[in-house]
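Asker: I'd like to ask you about the structure that follows.
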Amino acid sequence: MTAPVITIDGPAGSGKGTISQRVAAALGWHLLDSGALYRLVGVALMRDGGAPEEEARAARLAGQMDVVFEPVGERTVVWLNGDDVTEAIRTEVASAMSSRMGAIPAVRSALLARQRAFAQAPGLVADGRDMGTVVFPQAPLKIFLTASAEERAQRRHKQLKAKGESVNIADLLRDLQARDERDSQRAVSPLVAAEDAVIVDTTGIGIDDVTERVLLLARQRGLA
Ligand code: DC
């Protein structure tokens, strides 16, 4: 039997990353940060000297890249072909690039098997845009997180500020809306809630409450 999967999809800044980490830690399950894989393809392409239009090159790199997610205490160190790219994949440039990589069908198919391989006992929490619709359509619990664009931009602003980066909030909101638009309108695997997903609006709700809500749903479905 394959391991159970909880999928957590949603737009940038909806809290997916943090909630997925908390839920995985509470259950003692594995975690897949699928967005990191698209970010890695973008960084791999930039490091290879490629441009975002070079779809075949991006897909080749997606298939070949050597990726390691190394848990170190609370954080995860991300390695790409032997280099620590933990910070490099989180820049605004890498964010824009990853969204472009996500719109390339050949990149998406090159990453499919890699993502499914994360489903190992005792279970997996999978965070992304198409976890419930495409990668793990049989998942017994699917969550779709949303929040207003303004609140999501504010959260991102806070995160960047904590890292010492000063970015204009209006610019962040504009970039976030552009990314939402591209992620939702693309032809392959667009950002959309699975029909059987539970939609959770996190606007004005704290991380602890959202985590509890997901864990309650997991218990109700006999997963915890
Ligand atoms: O979750 P994130 O912000 O790190 O994701 C970065 C980009 O990767 C996102 O803008 C679109 C793409 N992505 C995707 O197309 N499919 C996924 N399952 C996850 C991310």
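Asker: Please go through the range 128-149 and pick out each residue that is in a strand (DSSP E or B) and under 19 Å from A117 (Cβ atoms).
Answerer: Here is the first cut: in the range 128-149, the residues in a strand (DSSP E or B) are 128, 141-146.
Once the filter is applied, which keeps residues that are in a strand (DSSP E or B) and under 19 Å from A117 (Cβ atoms), the range 128-149 yields only G128.
Asker: What's the total number of residues in the range 33-52 that are assigned to a loop (DSSP other than H, G, I, E, B) and either of a type in the set (S, T, Y) or within 13 Å of the ligand (Cβ to nearest atom) (or both)? Spell out how you get there, then give the answer.
Answerer: Here is the first cut: in the range 33-52, the ones assigned to a loop (DSSP other than H, G, I, E, B) are 48-52.
Within this subset, residues satisfying the condition of being either of a type in the set (S, T, Y) or within 13 Å of the ligand (Cβ to nearest atom) (or both) are 52.
The qualifying residues number 1.
Asker: Do we find a residue being under 14 Å from the mean Cα position of the chain (by Cα), under 30 Å from D209 (Cα atoms) and at pLDDT 95 or above anywhere in the range 41-56?
Answerer: No, the conditions are met nowhere in the range 41-56.
Asker: Tell me the residue from I8, I19 that is closer than 19 Å to L112 by Cβ, touching a strand residue (DSSP E or B) at 6+ places or on another chain (Cβ under 8 Å) and within 14 Å of the ligand (Cβ to nearest atom), please.
Answerer: Working: I19 fails: closer than 19 Å to L112 by Cβ.
Matching residue, one of I8, I19: I8.
Asker: Could you look through the range 150-172, keep only residues that are hydrophobic (A, V, I, L, M, F, W, C) and surrounded by 18 or more Cβ atoms within 10 Å (Cβ to Cβ), and pick out the one that is nearest to G15 (Cα to Cα)?
Answerer: To start, the set of residues in the range 150-172 that are hydrophobic (A, V, I, L, M, F, W, C) comprises 153, 160, 162, 167, 169-170, 172.
With the extra rule that they be surrounded by 18 or more Cβ atoms within 10 Å (Cβ to Cβ), the set shrinks to 153, 172.
Details: A153: 11, L172: 16 Å.
Ranking the qualifying residues of the range 150-172, first place goes to A153.
Asker: Please determine, by comparing only the residues of the range 90-100 that are in a helix (DSSP H, G or I) and more than 7 Å from the ligand (Cβ to nearest atom), which one is surrounded by the fewest Cβ atoms within 10 Å (Cβ to Cβ). Walk me through it before giving the result.
Answerer: Taking the range 90-100 first, the residues in a helix (DSSP H, G or I) are 90, 92-100.
Of the ones still in play, those that are also more than 7 Å from the ligand (Cβ to nearest atom) are 90, 92-94, 96-97, 100.
Values: R90: 16, E92: 14, V93: 11, A94: 20, A96: 16, M97: 21, R100: 21.
Once the filter is applied, the top-ranked residue is V93.
Asker: Checking the conditions here, which among D208, D130 is within 11 Å of the ligand (Cβ to nearest atom), at pLDDT 95 or above and acidic (D, E)?
Answerer: Details: D208 fails: within 11 Å of the ligand (Cβ to nearest atom).
Checking each option against the conditions leaves just D130.
Asker: Which residues, counting only those in the range 70-84, are touching a residue at least 24 places away in the same chain (Cβ under 8 Å) and away from the ligand (no atom under 13 Å from the Cβ)? I'd like the intermediate steps shown before the answer.
Answerer: Start the filter on the range 70-84 by keeping residues that are touching a residue at least 24 places away in the same chain (Cβ under 8 Å), which leaves 76, 78, 80-81.
Residues satisfying the conditions are L80, N81.
The values are calculated or read from the model by the stated rules, or taken from the named source; none is laboratory data. In this text the structure is predicted, and so the values were computed from the model without any measurement. Neighbour counts run over all protein chains shown; Cβ positions are idealised from the backbone, glycine included.
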